[in-house]
Amino acid sequence: MNVKELRIYPIKSCGGVKVQETLITRYGLALPSDPRIYDRRWMIVKNGRHLSQRVLPRMALIQPSFVKDGLLLQAPNMPDLFIPINPLPKEIMNCYCWDEPIFGLRYDDNISHWFRTYFQSDDKIDLVIFDEKQFQARSSQNKPDFPNVAQDHDVSVYHDVCPIHLCSLESVANLNTRLEKKIKIYNFRPNIIVTNGDEPYAEDCWREIQIGEVKLRWISPCLRCLLPTVDQETGIKDPNQEPWKTLRSYRLQPNSYGVKALFGIYLGQIDDSKIVSGTIHVGDLIHVIKQDLDFWEKND
């Protein structure tokens, strides 16, 4: 078993960037050459509330790339846009990620105008960045809609629940045997894409793993909404709500996780004393240290 691909999504619900190595930090995957750039550090908001592909599937076509001191954004029929990280914006904005309050630093009106133009909207749309030096991240604990075993040190910035998300190619291949229209693993927007041999859904049972020098622990399964119905290459939702419908036909655990299907897992740091746990690389071997092989039986 090994790491096949690593992806950082710097802006929530926008395109991901493939990397060959990444730091594993308390706030998610970070760029080793510039740790100021990390997963879901940026967020697009409308009147302070986060926007996502669930409502605006064309967000998938906003493609960041990493450049000196920031991001470069590209999108269809739009000029390139530089998003600086040095210096950071000054204006503090009260925001919400889901219904949880969290602060962000708001970029200027020129950047807001770029997003409003792309979305063809007159709404108040802004880009914010999280500043861990002055803001508190959201706890991953106590989320009634996402039961988990998060600990006190498990936090997320603008992620939905947890900052590290893993999926396997074998699980997607198995799902595709059930779909008329095949999908790619990118619909699920994982950070860590693994290949585990011939066994789909083996990751369901992983409770502690080691990738290279980094140990990670299971926090919860990923409970799936309609976002994976968006094709990440076209920004178009599947009209038949696939793969959401098919997943609900065989990947439910209603007693423990309600009406949402399970696909992929959320992971967190083991050592709560470290901001950075270490570096992982494409090709690193994955060692499963602990498993819960009765996961499906006891939650059935």
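Taking region 115-174 as the range and being surrounded by 14 or more Cβ atoms within 10 Å (Cβ to Cβ), touching a residue at least 12 places away in the same chain (Cβ under 8 Å) and among the charged types (D, E, K, R) as the test, the residues that pass are ASP126, ASP131, GLU132, ARG138, LYS143, ASP154, ASP160, GLU170. A count restricted to region 60-73 and to residues that are open to solvent by 40 Å² or more (accessible area, probe 1.4 Å) and of a type in the set (Val, Ile, Thr) stands at 1.
Per the listing PRO57, PRO76, the residue uniquely under 22 Å from ASP231 (Cα atoms) and buried (at least 19 other Cβ atoms within 10 Å of the Cβ) is PRO57. Return the residues of region 1-24 that are open to solvent by less than 10 Å² (accessible area, probe 1.4 Å) and of a type in the set (Val, Ile, Thr); say none if nothing qualifies. Selection gives VAL3, ILE8, ILE11, THR22, ILE24. For region 72-81, filtered to residues that are among the hydrophobic types (A, V, I, L, M, F, W, C) and out of contact with any strand residue (DSSP E or B) (no Cβ under 6 Å at 6 or more places or on another chain), the residue that is nearest to PHE146 (Cα to Cα) is ALA75. Only one of the listed residues (ARG7, ARG54, ARG40, ARG58) is out of contact with any Ser or Thr (no Cβ under 6 Å at 6 or more places or on another chain), in a helix (DSSP H, G or I) and either in contact (Cβ under 8 Å) with a residue 60 or more places away in the chain or closer than 28 Å to ASP123 by Cα (or both). That residue is ARG58.
The values are calculated or read from the model by the stated rules, or taken from the named source; none is laboratory data. Treat the numbers as computed from the prediction; the structure is a model and nothing was measured. Note that each Cβ is placed from the backbone with ideal geometry, even for glycine, and that neighbours are counted across all protein chains shown. In case anyone asks, the SASA skips ligands and DNA or RNA and just uses the protein heavy atoms, side chains included. Shrake-Rupley method; radii C 1.70, N 1.55, O 1.52, S 1.80 Å.
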